[in-house]
Amino acid sequence: MKRFFLILIVLCFVACEQEQSTVTSPLTKYIPRKASIVVKTKNIKGLQSAIKNNDLIQAFTKTRYQDFLTSTTPLLKDLKSKNETLICYTQIGNNTYDVSILTKATPEVFTLDSTKTTQTKLGNASPSIIKITSQEATFYTLELDGVFMASTSELLLENTLRERKDNGITNDTDFITAYNATSNATASILVKGSEMDDVWTTLYPNAKDHPLQRAFSWSLGDVDMSQNDIKISGVTLVKDSTEQRLLLFKDTKPVNNTIDQITPITAQSMTAISYDNWSTYKNNLAELHKIDPSKFIIKGEDIVRSFDEVGTIQLDGGTVIVGHTTDAMVTEEALASYKEEETSYRQIPVYRFKDQTVFTKTYELILDAPSVQLYCALDNFYVFADTQEHLETIIANYQNNATLTASTVYKNTKSQLSDASSLLRITNTEKIKYQELVSEKEAAAFKKINVTDYPFAALQLIQDSNFMHLTIVINKNENIQKDGAITQIASTKLETSISRAPQLVKNHRTKGSDILLQDEGNILHLISNSGKLLWQKELDGPILGKVQQVDLYRNGRLQLAFVTPKTWYILDRNGNEVAPFSVSFKENITQPLAVFDYENNRKYRFIITQGKQVQMFDKDAKIVNGFGFSKTENDIIYPPKHLQINNKDYIIIAENSGKLHILSRTGKSRVDVKERIDFGDTPIFKEKNTFTTYDINGGKINITTGGTLTRTQSDIVTNTIVHTNGNTTASLLENKLIINNKEIALDYGAYTTPEIFKVGKKVLITLTNTETSQVLCFNEKGEPIDNFPVYGIGPAYFDYLERNKNLGFVTQGDANSILIYQIN
């Protein structure tokens, strides 16, 4: 299995209850009979975004792997499916693969620009194939039984018309099992084992071995892809009564892996296998060799049966074999007749080993095991090699603690794997000599690949009752930073410019945060804190103000609540509208949505403002009849606000005429404010036991609960916005930032309005110099936070990225990208 993991990672790049006997999706019967790879996704835009924003995939874009990606471009460019979509790769000729796209047929699923394309109907039959010709490519489409198909091959669609009632792939029980095990991940990749030899040859024409030949029946991997990492989790199936090599592990159980404890950090790779019962493994080996198990004899069996784990370590100069024993006395006894003392190194005896082929014959189907002639023992590890130099490399690194398990970078990879594996492969990605595997013509492109930020890739297979669990992990090396260091952990590009600053919202599943933003096309995007696009939703206009989160069902699951000029939306975690929403209005909504929770018991009241009119609704979008206030004489200038002073509730509504209404819960006047106020840009806020604001001239206004209004001189200038959060106040006067009356002189520039964030026990005041593209940050004492400023062109939004840890923030990187930072 020398390079098993490579092809599965490549398939990830391409992706741009096992008891069930039928496939649940109607699309599967149209999968080409000889498809080698099938990619399933329910979020095609999310998949495209993940591929575009994954750094590792982008490192390979100038290589042969790009052919697989670009072959889908003409088919996916105009595809607007919001339903399950299948991408199928089928070999047509030598080293040539055609692509087919399958999804539910809807009126808007595939719309083409008639000025840039030519459409030709082929034949007079119904349904018929349509040929699409553009400057970029020629491809074909077909709509059949409610399924839309697009393909780079006319022949594949013709075969579909002929075979639709008898598609061999849906009669494959292992395919059915694998398909029904797919999840709602960004993408699920299904790989047909019998086709993998051809795929391998296509990708690596100069490779000496084809490790995927006769290995398995079908393999499924659900892909979790962020900007920095790729993780694939799924199942691998083998069929009884075949020669598929993973049948070696049938009816075995894995044991804990230990060979990484002796693998040098500089090794090219490590592959380990384990099983709990030697006799079962031996019987499986005999059946694969078509030998009666009772007559199957392995010379040196006592040695290999004493190991619970066996593996190979690929060094720069060659390969060594390692066996781990739980009883060294048993192993020593088995080796007694095979050894002769040769020499020693660093006080470790080195023995000559008489039987050079015992490991080759026992493990040749699963390990690239060389002939050996020397061995040594290091604690419970026995290392076999063909030269003493290789043994010395292992001994020196083991004694110096320069092994995989001593590496903090490797620990990050291992933490995402199970402790026990039937087969585990760890590869040092920098050591892969891609250029030697491909043709001379392609070698130049592969030579330029730089994967230094991705030091390790891991493949793990774990035998279960009638299948194997599959895990593939390849993650970025995040350098350990000192406390307070700021790391950019992700960036995500959109197709369209961003129209409103990105905002962090709580993720009730992870207890961390995700990013919400809207583009100029009024598309709302939810992006994970690792930069992965989760979903998109088209709105009918720009969002007014900030999006708020509510818990309508009082079960801990949060929804997103906001308004556009025409519509009141409440969306669930997946971007779906929560019934009875959305609610449309004839007259324009003029202020952001106001949300009140008087008792903090999630019995919400929502206020919609339309010019002079206010309407209060409950969670079912029904008018609250007990609220008697409905209209002002002049336009309302801020969103209505709820404040609580001395356990009494006050609803604040301000008119542009200077009239201030301070109401009770029922909408009756609670505080009579007789004087008019020349309101500035600062909405009413609570200061101690008074209602406070700043007028248009910067004068401070305080109003008591008895209605007494006082004005005091202020250093605030005309139209300065003052932000408050608890006991913290911040404002900006030209280049002077004032935090709780402390002045901080800033460089001259154009700044965003200061924002105050309270995250845990920290209070952070932030603003951005848009001329120099610098995000600044201060504490409530006016002291600058270490390691700021950082790059950003717009306001920053702070919160925990993960549950109660990893404080971070999001800001805009350029017109159509966001940057996600973490404060260590």
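The values are calculated or read from the model by the stated rules, or taken from the named source; none is laboratory data. Note that the structure is a prediction, hence the values are computed from the model and not measured. Methodologically, a virtual Cβ is constructed for each residue, glycine included, from the backbone with ideal geometry; neighbour enumeration extends over all protein chains shown.
Here are the numbers:
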read-out	value
Search result, residues across the range 121-135 that are polar (S, T, N, Q) and loosely packed, with under 11 Cβ neighbours inside 10 Å	ASN124, SER126, GLN135
Qualifying residue in the range 265-284 (condition: touching a Cys at 6+ places or on another chain (Cβ under 6 Å) and either exposed (fewer than 15 other Cβ atoms within 10 Å of the Cβ) or not basic (Lys, Arg) (or both))	no
Scope the range 633-675; condition exposed (fewer than 13 other Cβ atoms within 10 Å of the Cβ) and in a strand (DSSP E or B); matching residues	GLN644, LYS648, SER669
Filtered residues of the range 560-574 (kept if in a loop (DSSP other than H, G, I, E, B) and either at pLDDT 95 or above or in contact with a helix residue (DSSP H, G or I) (Cβ under 6 Å, 6 or more places away or on another chain) (or both))	THR564, PRO565, LYS566, ASP572
Sole exception among (1) assigned to a loop (DSSP other than H, G, I, E, B); (2) at pLDDT 80 or above for VAL473, by number	(1)
Evaluation of THR182 against (1) surrounded by fewer than 17 Cβ atoms within 10 Å (Cβ to Cβ); (2) under 28 Å from LEU534 (Cβ atoms) (one fails), failing number	(1)
Residue within the range 325-345 that is on the phi < 0 side of the Ramachandran plot, in contact with a Cys (Cβ under 9 Å, 6 or more places away or on another chain) and either buried (at least 21 other Cβ atoms within 10 Å of the Cβ) or modelled with pLDDT under 95 (or both) present	yes
Residue match in the range 241-259 (condition: among the hydrophobic types (A, V, I, L, M, F, W, C), in a loop (DSSP other than H, G, I, E, B) and buried (at least 21 other Cβ atoms within 10 Å of the Cβ))	no
Per-region count, the range 398-442, residues among the polar types (S, T, N, Q) and either in contact with a Cys (Cβ under 6 Å, 6 or more places away or on another chain) or in a helix (DSSP H, G or I) (or both)	7
Pairs with Cβ under 7 Å, 6+ apart, first in the range 379-397 and in a strand (DSSP E or B) and at pLDDT 90 or above, second charged (D, E, K, R) and buried (at least 24 other Cβ atoms within 10 Å of the Cβ)	none
Residues satisfying the stated conditions in the range 593-603, i.e. surrounded by fewer than 19 Cβ atoms within 10 Å (Cβ to Cβ) and assigned to a loop (DSSP other than H, G, I, E, B)	ASP597, TYR598, GLU599, ASN600, ASN601, ARG602, LYS603
Pair list, Cβ < 8 Å and 6+ apart or interchain, from the range 401-419 residues that are exposed (fewer than 15 other Cβ atoms within 10 Å of the Cβ) to residues that are among the hydroxyl-bearing types (Ser, Thr, Tyr) and part of a helix (DSSP H, G or I)	LYS411/THR405
Meets criteria (in contact with a Leu (Cβ under 9 Å, 6 or more places away or on another chain), within 26 Å of ILE462 (Cβ to Cβ) and among the hydrophobic types (A, V, I, L, M, F, W, C)) for ILE366	yes
Long-range neighbours under 9 Å by Cβ, at least six apart or interchain, first residue outside the structural domain of LEU56 (by TED's automatic domain parsing) and closer than 20 Å to THR266 by Cβ within the range 440-453, second at pLDDT 75 or above and assigned to a loop (DSSP other than H, G, I, E, B)	ILE449/PHE60; ILE449/ILE432; VAL451/PHE60; VAL451/ILE432; THR452/ASN477; ASP453/ASN228; ASP453/LYS476; ASP453/ASN477
Matching residues in the range 654-684 - criterion: being closer than 20 Å to GLY698 by Cα and aliphatic (A, V, I, L, M)	ALA654, LEU660, VAL673, ILE677, ILE684
Members of the range 300-314 found to be surrounded by fewer than 22 Cβ atoms within 10 Å (Cβ to Cβ) and of a type in the set (A, V, I, L, M), listed by number	VAL304
Yes/no for LEU112 being at pLDDT below 90 and not in a loop (DSSP other than H, G, I, E, B)	no
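Each row is one residue, and each column tells you yes or no for (1) surrounded by fewer than 17 Cβ atoms within 10 Å (Cβ to Cβ); (2) not aliphatic (A, V, I, L, M).
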position	(1), (2)
GLN463	no, yes
LYS476	no, yes
ARG500	no, yes
GLY512	no, yes
GLU520	yes, yes
HIS525	no, yes
SER530	no, yes
LEU534	no, no
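Here is a yes/no grid of residues against (1) part of a strand (DSSP E or B); (2) hydroxyl-bearing (Ser, Thr, Tyr):
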site: GLN119; (1), (2): yes, no
site: ASN124; (1), (2): no, no
site: LYS131; (1), (2): yes, no
site: PHE139; (1), (2): yes, no
site: PHE148; (1), (2): yes, no
site: GLU158; (1), (2): no, no
site: THR177; (1), (2): no, yes
